[in-house]
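Novice: Input: one structure, supplied below.
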Amino acid sequence: MADYIKFVDVTKCDGCRACMVACKNWNDLPAEPEDFNGSIQSHRDLTANTWNVITFNEHETSDGNFEWLFRHMSCLHCNQAACEKACPESAISYTKFNSVVIDAEKCVGCGYCVQNCSFGVVQLATYKDKNGSEYRKAQKCTLCTDRLEQGLQPACVVACHTDCLIYEEKDLVLAEANKRLGEVKERFPNANIYNPQGIEGTNTIYLLADKPSVYGLPENPKVALSQVVWKDYAQPLGKMMLGATTMAVIGAAISNAVRKDRPEGDHDHE
Amino acid sequence: MTNHWNDLQYADALMVIGANPAENHPISFRWISKAKQKGAKLISVDPRYTRTSQMANIYGQLRSGTDIAFIGGMIHYALENDMYHKEYVAAYTNASFIVDEQYSFEDGIFNDYDETTRNYDKTKWAFKKDENGEIVKDPALKDPRCVFQLMKKHYARYDVDTVTGVTGTDKDTYLEICQTFTGTSETGKAGTILYAMGGTQHTVGTQNIRAYAILQLLLGNIGIAGGGVNALRGESNVQGSTDFGLLYHNVNGYMEVPTGSDQDSKYKGFLERITPESGYFSNKPKFYTSMLKAYYGNSATKQNEFGYHLMPKLTPGKDYSHMRLFDAMYRGELEGLIMFGTNPVVGGPNAGKEKEALSNLKWMVAVDLFETETSAFWQKEAGADPAAIQTEVIFLPACGSFEKEGSVTNSGRWMQYRWQAIKPKGESRADLEIVHMLARKLKGLYENSPKQQDMPMKALTWDYGESDHPDIDMVCREINGYDMKTKQQIKGFGDLKDDGSTCSGNWIYSGFYPESENLSKRRDNTNEGMSNFLNWSFAWPANRRILYNRASADLNGKAWSKDRIGIQWNAAEKKWSGFDVPDFVAAKGPDDPTFNDPFIMMAGGKGALFSGGVNEGPFPEHYEPYENPISNAFSSIQLNPAVKFGEKEMNAQGDVSEYPIVATTYRVSEHWQSGAMTRNIPWLAELMPHMYIEISEELAQEKGISSKDRVIVKTARGEIEAFAMITKRFKPYKLKDKTIHQIGMPWHFGYKGIATGATANRLTPHIGDANTTIPEYKAFLCDVRRAK
Amino acid sequence: MELNVTRRKFLKISGAVAATLAVVELGFDDKTARAKAKELKISELKPTPTICPYCSVGCGILVYSNGKDVVYTEGDPDHPINEGSLCSKGTTVRQVYTTEKRITNPLYRAPGSGKWEEVDWDFALDKVAKNIKDTRDRTFVQKENGYTVNKTEAIAYMGGAALDNEETYLLSKLFRAGLGLTYIEHQARI
């Protein structure tokens, strides 16, 4: 069985944003227009109803060149996913396709995954039940796991016309990424492959045209040891002893204490 | 497009000028990217840095309205540095033709100009002929009166310093562009030029495109894979609607509309006027007569000149184009306006005035999917006083493209069929059904009229079934044409006759529906070579994918490049063959004196470096836009001398002293045209929800404008308010004598729909190109200030 | 190994079932796909090919309709130009149908009125036909400067760049050759 991963070669992206609406179209997500933010970027961040966003960054490189940098921002599907570790309800899991998915049935909307994600990916959506009372669920990109199950590629990948987004066998992708890195180095000397090892790599890897920080990405995200201890040891034990709700409260305390190293306010929305 | 979308992958260099395909034709980048992956260089020439510029290898900034200076400089560069395709130029273009003595050019003016009418006598731009009536030529291209030498002289003035002083392009970048693109003159290389409305929407629009074509002929880039002059057309079927005569000056297939004149008073005289002696259009009488037969059927007889007199005749010399139409409406000369899917209150030039003109109508019919700003021009929301507007408005809801069936023709001339996926929403109906029902009602009203003036309506055939729902297959069959007696579908326009024995609604499409099947429905995507996909849909004419493809082969009929085989002369089989349908007589061999005449639509068969057919002169010459910030560096003539002025009140002009900033308008990926559709699509309104003005950091600082401020842009026509988008992607132009600022804005917005915003066209001038009268949307003067 | 990206390619992931989402009459076989792709919202649905209504690239799109609504649209993987990909506009054509902003009834605005009224097709088309005939008959010019010209210059026709070829053919036939309009224009000019 071949491992497949998603590859985002940002140097091929022409910013058309088909991936954004392809996601909405497949997943039936509503439109949520935002206020004018000074650029053509439509959303400042990912939201519970907007699972991928193209960022637009007017960047002057260190050698004085101008580059308008585009990036398809969405869930990276970490191999060691902080959201999965933080979830007190075990609502978040890895699939056989290496995607990280949220089980809406199990999700209680506590939001620890939101706080713990290194990339600002997971967000809470508010819904109303039949009686009008509000409840919340965590939402994010599923890598179109429902499509993968049928052998179809993710909707964003299908829509992409420049092959900036591809979904392919992992070995092929890594080879392609290295080849492309060599090709783009002349124009983008800071280009790099983003596949952070602190979280054991991701199932969406990027070829970035500049340093991760230029794109608002953490240089070296990690899942804190305390979080691993919490998820893999304390939580199962505690659940046996205390019951889930109490554990959720303790969990919140821990995850706030060990908050990931995602820099605040580093998203560049030019 | 001379070529087509998939063909872009075969280019070695692609120059995008007056277009922004990454934003406005995004899927073109699937093929542009493939070319780049193979090492092709992409050049983006644009007033501002666009999404296309980011994808490009070289970006050259040019001030709006200076394309001829830019390209003229490249022509100069090519000629000075021997970077042109010598064999191709000598054999396939009119470079060797000797121009007769009358031709001259001095200080911006060609010979035989009449200042009062602003017209040239174009008959005085002619070639010298010998006693047998043959054009005199100098194959060595040395004669000072040959086209090549005259062209060289004309563009000698377009040196790099003068050019960049006008365009504002960085000199080193300009030279890099010249070198890269003229490098495709090497035999076996290919370069393509992609343009759109950034090229055409100028008072010199036609000559902009002529300049691109001249450069491409010099580089040997026309007729070959990966080459061409490629207009990236903006609407899904603007190609088809142009092919089908929805412009005042053409009937179907680019033939003339008759005039009320002595020459045109008889069908015979009219045909004599419009039919050239040589070239493919020498068959015009067959095409025209077959069209009249399609229109009037058995009422078109030899005795009544095939119903020619039933056709309306234009007043000679009168311009009925969009702006003149609105001028007439403004003067109250029009009673009724019928619109099928169009929204001039957002899309028209000087849109505020065009909107004012609408209230002079007695009645208006709007057929559309959404309530447009134009159909609702009488509402309070539009700033109108409904009680004061006496126009009766009828809105007919049309259905969407996949709620009906029919074909559209893309930019590469592929006629592709669309099938019906769902019934029309609600009570909406297909446009085909609407025009059919209307025609049947009208024919009913005229049925028993004895009046002579009602004859055209009575004679008009309308045999598409008796129900409200027309039989589209009957329409398709009529467009293709058939034998009037046997009713057998004709195989192609070669079978059309001028004796009334055939009909064909549109000769350029004939062949799409032979007896066997409607070829626009074909879906065989086998690539049999050079990605021409000859069995996918149908391309006019005659399923040719690359126009002028005879020029893909050398003087012996052999491909210039083995990597770019179009068609080649097969000596054994005595015919042209290859990966495309020959745009040439298939059996025309080397023994034929016209074997090396690839441009079969041109009289003489040669590519026109020198053209007597364009209103402002045989060679493109730079003039400044109607509103301009500097004096013309090339002559004392500021504005295109052949441009006409319309209704004065519609056409206020701003001066640089009051309006010092250059402005332009454009489109973005997420919206389409006047936004009538896309601003009503929730997901698109979400991607691009706000109207904005793009302003350079330098200008913003000068004007005290911060990001997200509300700003007011003012021109001689009006003012609008929108958000300020401060960007590094606009930079001031350093021209020869001064620094000029430019701003830009999308023109998609209006007050209806989900995404609303100010209409950019309230600012644009009501003046246009001297040949096409396409408005000069792309270059005008304004001032900008922060809204209080 | 060269990376050869094609949107038609199905993934060889273990557990995944190759689904063929395509059109039967046009040379595909979607029967197996329908049997196997049960959970997908587009299973059981036969897509209809269309061409994008926006720019002139002419991309192919598959429309998944259940007869009552358009459930999904996606790029046509067999189309040689877009090979399954689309831009943001092409991707959202589903909402051309589903948007609540569509006008689905003929509307009438009386002179001086401040509002639309919903009317039926007969009323609307009768009005249009009557207006055209009335204006045409009053303003028709048979002769101008002694020449037969058979025209009316009091009615203008505009638009058509988003219509089908067959529609544009009938429009110029009716308005030019039948009714005698000379003011006939569309978006190619602007």
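Novice: Taking the options B:366, B:294, name whichever one is under 30 Å from residue B:270 (Cα atoms) and either out of contact with any Pro (no Cβ under 9 Å at 6 or more places or on another chain) or at the interface with chain C (Cβ under 7 Å from one of its Cβ atoms) (or both).
Specialist: Numbers: B:366 fails: under 30 Å from residue B:270 (Cα atoms).
Exactly one of B:366, B:294 is under 30 Å from residue B:270 (Cα atoms) and either out of contact with any Pro (no Cβ under 9 Å at 6 or more places or on another chain) or at the interface with chain C (Cβ under 7 Å from one of its Cβ atoms) (or both), namely B:294.
Novice: With a cut-off of at least 2 residues that are of a type in the set (Val, Ile, Thr), name the strands (runs of 3 or more DSSP E) lying wholly within the stretch C:95-190.
Specialist: Values: elements: C:107-109, C:141-144, C:147-158, C:181-185.
By residue number, C:147-158, C:181-185.
Novice: Hey, can you tell me all the residues within the stretch B:20-32 that are over 13 Å from residue C:82 (Cβ atoms) and out of contact with any Phe, Trp or Tyr (no Cβ under 6 Å at 6 or more places or on another chain)? Walk me through how you get there before you give the answer.
Specialist: First, pick out the residues of the stretch B:20-32 that are over 13 Å from residue C:82 (Cβ atoms): B:20-24, B:32.
Scanning the stretch B:20-32 gives B:20, B:21, B:23, B:24, B:32.
Novice: Give just the number: which of (1) buried (at least 20 other Cβ atoms within 10 Å of the Cβ); (2) under 21 Å from residue C:173 (Cα atoms) does residue B:532 not satisfy?
Specialist: (2)
Novice: Among the listed residues C:136, C:176, which satisfies the condition of being buried (at least 20 other Cβ atoms within 10 Å of the Cβ) and more than 7 Å from every other protein chain (Cβ to nearest Cβ)?
Specialist: Numbers: C:176 fails: more than 7 Å from every other protein chain (Cβ to nearest Cβ).
Only one candidate passes the filter, namely C:136.
Novice: Let me ask something else about it. Determine which member of the set B:731, B:788, B:778, B:708 is modelled with pLDDT under 95 and assigned to a loop (DSSP other than H, G, I, E, B). Steps first, answer last, please.
Specialist: Numbers: B:731 fails: modelled with pLDDT under 95; B:778 fails: modelled with pLDDT under 95; B:708 fails: modelled with pLDDT under 95.
Going through B:731, B:788, B:778, B:708 in turn, the sole match is B:788.
Novice: Could you list, in sequence order, all residues of the stretch B:501-551 that are β-branched (Val, Ile, Thr) and either touching a His at 6+ places or on another chain (Cβ under 8 Å) or in the same structural domain as residue B:88 (by TED's automatic domain parsing) (or both)? If you could, list the steps in order and put the result at the bottom.
Specialist: Residues of the stretch B:501-551 that are β-branched (Val, Ile, Thr), as a first pass: B:502, B:508, B:526, B:546.
Residue satisfying the conditions is B:546 alone.
Novice: Check B:686, B:694 and return the single one that is in contact with a strand residue (DSSP E or B) (Cβ under 9 Å, 6 or more places away or on another chain) and in a helix (DSSP H, G or I). Can you show your working first?
Specialist: Values: B:694 fails: in a helix (DSSP H, G or I).
None of the other options fit; the residue is B:686.
Novice: Ok, one more. Quick one: which residue in B:302, B:293 is more than 30 Å from residue B:390 (Cβ to Cβ), out of contact with any Phe, Trp or Tyr (no Cβ under 7 Å at 6 or more places or on another chain) and either at pLDDT below 95 or of a type outside the set (A, V, I, L, M, F, W, C) (or both)?
Specialist: On the way: B:293 fails: out of contact with any Phe, Trp or Tyr (no Cβ under 7 Å at 6 or more places or on another chain).
Result: B:302 is the single residue among B:302, B:293 that is more than 30 Å from residue B:390 (Cβ to Cβ), out of contact with any Phe, Trp or Tyr (no Cβ under 7 Å at 6 or more places or on another chain) and either at pLDDT below 95 or of a type outside the set (A, V, I, L, M, F, W, C) (or both).
Novice: Let me ask something else about it. Have a look at B:57, B:3 and point out the one that is within 14 Å of chain C (Cβ to nearest Cβ), modelled with pLDDT of 95 or more and out of contact with any His (no Cβ under 6 Å at 6 or more places or on another chain). First the steps, then the outcome.
Specialist: Numbers: B:57 fails: within 14 Å of chain C (Cβ to nearest Cβ).
Among B:57, B:3, only B:3 is within 14 Å of chain C (Cβ to nearest Cβ), modelled with pLDDT of 95 or more and out of contact with any His (no Cβ under 6 Å at 6 or more places or on another chain).
Novice: Any chance you could count how many residues in the stretch B:374-396 are among the aliphatic types (A, V, I, L, M) and more than 8 Å from chain C (Cβ to nearest Cβ)?
Specialist: Step one: of the stretch B:374-396, the residues among the aliphatic types (A, V, I, L, M) are B:376, B:382, B:384, B:387-389, B:393-394, B:396.
Then drop every residue that is not more than 8 Å from chain C (Cβ to nearest Cβ), which leaves B:376, B:382, B:384.
Total satisfying the criteria: 3.
Novice: Next question, about the same structure. Starting from residues that are out of contact with any helix residue (DSSP H, G or I) (no Cβ under 7 Å at 6 or more places or on another chain) and within 7 Å of another protein chain (Cβ to nearest Cβ), keep the ones in the stretch C:140-152 and report whichever is surrounded by the most Cβ atoms within 10 Å (Cβ to Cβ). Walk me through it before giving the result.
Specialist: Pass one, the stretch C:140-152, residues out of contact with any helix residue (DSSP H, G or I) (no Cβ under 7 Å at 6 or more places or on another chain): C:141, C:143-146, C:149, C:151.
From the residues that got through so far, the ones that are within 7 Å of another protein chain (Cβ to nearest Cβ) too are C:144-145, C:149, C:151.
Details: C:144: 18, C:145: 10, C:149: 25, C:151: 27.
My answer is C:151.
Novice: Go through the stretch B:300-311 and count every residue that is on the phi < 0 side of the Ramachandran plot and within 11 Å of chain C (Cβ to nearest Cβ).
Specialist: First pass over the stretch B:300-311, keeping only residues on the phi < 0 side of the Ramachandran plot: B:300-304, B:308-311.
Imposing the further condition that a residue be within 11 Å of chain C (Cβ to nearest Cβ) reduces the set to B:300, B:308-311.
Number of matching residues: 5.
Novice: Ok, one more. Hey, among C:114, C:160, which residue is buried (at least 24 other Cβ atoms within 10 Å of the Cβ), facing chain B (nearest Cβ under 7 Å) and either in contact with a Pro (Cβ under 8 Å, 6 or more places away or on another chain) or under 29 Å from residue B:382 (Cβ atoms) (or both)? Let's see the steps before the verdict.
Specialist: Numbers: C:114 fails: buried (at least 24 other Cβ atoms within 10 Å of the Cβ).
Just one listed residue meets the conditions, C:160.
Novice: Go through the stretch B:57-89 and report how many residues are assigned to a helix (DSSP H, G or I) and not small (Gly, Ala, Ser). Break it down into steps so the answer makes sense when it comes.
Specialist: Step one: list which residues in the stretch B:57-89 are assigned to a helix (DSSP H, G or I), which gives B:67-80, B:86-89.
Those left that are additionally not small (Gly, Ala, Ser): B:67-68, B:70-71, B:74-77, B:79-80, B:86-89.
Of the residues in the stretch B:57-89, 14 are assigned to a helix (DSSP H, G or I) and not small (Gly, Ala, Ser).
Novice: Return the only residue of C:125, C:86, C:107 being at the interface with another protein chain (Cβ under 7 Å from one of its Cβ atoms), without any contact (Cβ under 8 Å) to a residue 40 or more places away in the chain and touching a Leu at 6+ places or on another chain (Cβ under 8 Å).
Specialist: Numbers: C:86 fails: touching a Leu at 6+ places or on another chain (Cβ under 8 Å); C:107 fails: touching a Leu at 6+ places or on another chain (Cβ under 8 Å).
Answer to the selection: C:125.
Novice: Moving on. Scanning for something in contact with a Ser or Thr (Cβ under 9 Å, 6 or more places away or on another chain), modelled with pLDDT of 95 or more and away from every other protein chain (no Cβ under 13 Å), does the stretch B:29-45 turn up at least one residue?
Specialist: Yes; the residues of the stretch B:29-45 include at least one that is in contact with a Ser or Thr (Cβ under 9 Å, 6 or more places away or on another chain), modelled with pLDDT of 95 or more and away from every other protein chain (no Cβ under 13 Å).
Novice: What are the residues in the stretch A:134-162 that are within 7 Å of chain C (Cβ to nearest Cβ) and either buried (at least 21 other Cβ atoms within 10 Å of the Cβ) or hydrophobic (A, V, I, L, M, F, W, C) (or both), if any?
Specialist: Going residue by residue through the stretch A:134-162, those that are within 7 Å of chain C (Cβ to nearest Cβ) are A:146, A:148-153, A:158-161.
Scanning the stretch A:134-162 gives A:148, A:150, A:152, A:153, A:158, A:159, A:160, A:161.
Novice: Could we say that residue B:224 is in a helix (DSSP H, G or I), buried (at least 23 other Cβ atoms within 10 Å of the Cβ), in the same structural domain as residue B:66 (by TED's automatic domain parsing) and of a type in the set (Val, Ile, Thr) here?
Specialist: It is false that residue B:224 is in a helix (DSSP H, G or I), buried (at least 23 other Cβ atoms within 10 Å of the Cβ), in the same structural domain as residue B:66 (by TED's automatic domain parsing) and of a type in the set (Val, Ile, Thr).
Novice: Kindly indicate which of B:656, B:662 is in contact with a strand residue (DSSP E or B) (Cβ under 7 Å, 6 or more places away or on another chain) and surrounded by fewer than 20 Cβ atoms within 10 Å (Cβ to Cβ). Reasoning before the result, please.
Specialist: Details: B:662 fails: surrounded by fewer than 20 Cβ atoms within 10 Å (Cβ to Cβ).
Checking each option against the conditions leaves just B:656.
Novice: Evaluate the following for residue B:371: is it within 11 Å of chain C (Cβ to nearest Cβ), under 30 Å from residue C:113 (Cα atoms), under 25 Å from the mean Cα position of the chain (by Cα) and not polar (S, T, N, Q)?
Specialist: Against the criterion (within 11 Å of chain C (Cβ to nearest Cβ), under 30 Å from residue C:113 (Cα atoms), under 25 Å from the mean Cα position of the chain (by Cα) and not polar (S, T, N, Q)), residue B:371 does not qualify.
Every residue, every condition in (1) surrounded by fewer than 24 Cβ atoms within 10 Å (Cβ to Cβ); (2) hydroxyl-bearing (Ser, Thr, Tyr); (3) over 30 Å from the mean Cα position of the chain (by Cα); (4) more than 7 Å from chain C (Cβ to nearest Cβ), yes or no:
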site: B:413; (1), (2), (3), (4): no, no, no, yes
site: B:419; (1), (2), (3), (4): yes, no, no, no
site: B:431; (1), (2), (3), (4): no, no, no, no
site: B:434; (1), (2), (3), (4): no, no, no, yes
site: B:458; (1), (2), (3), (4): yes, no, yes, yes
site: B:473; (1), (2), (3), (4): yes, no, no, yes
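Novice: Quick check, is residue B:635 surrounded by fewer than 17 Cβ atoms within 10 Å (Cβ to Cβ) and not aliphatic (A, V, I, L, M)? So that I can check it myself, show each step before the final result.
Specialist: Working: surrounded by fewer than 17 Cβ atoms within 10 Å (Cβ to Cβ): no; not aliphatic (A, V, I, L, M): yes.
Judged against the criteria, residue B:635 is not a match.
Novice: Next question. Which one is surrounded by the fewest Cβ atoms within 10 Å (Cβ to Cβ) among residues in the stretch B:475-510 that are at the interface with chain C (Cβ under 9 Å from one of its Cβ atoms) and in a loop (DSSP other than H, G, I, E, B)? Reasoning before the result, please.
Specialist: Initially, the stretch B:475-510 is screened for residues at the interface with chain C (Cβ under 9 Å from one of its Cβ atoms), giving B:475-476, B:478-479, B:505-506, B:509.
The next check asks that each one be in a loop (DSSP other than H, G, I, E, B); those that pass are B:505-506.
Numbers: B:505: 28, B:506: 30.
Only one residue tops the list, namely B:505.
The values are calculated or read from the model by the stated rules, or taken from the named source; none is laboratory data. No experiment lies behind these values; they were computed from the predicted model shown. Virtual Cβ from ideal backbone geometry, glycine too; neighbours counted across all protein chains shown.
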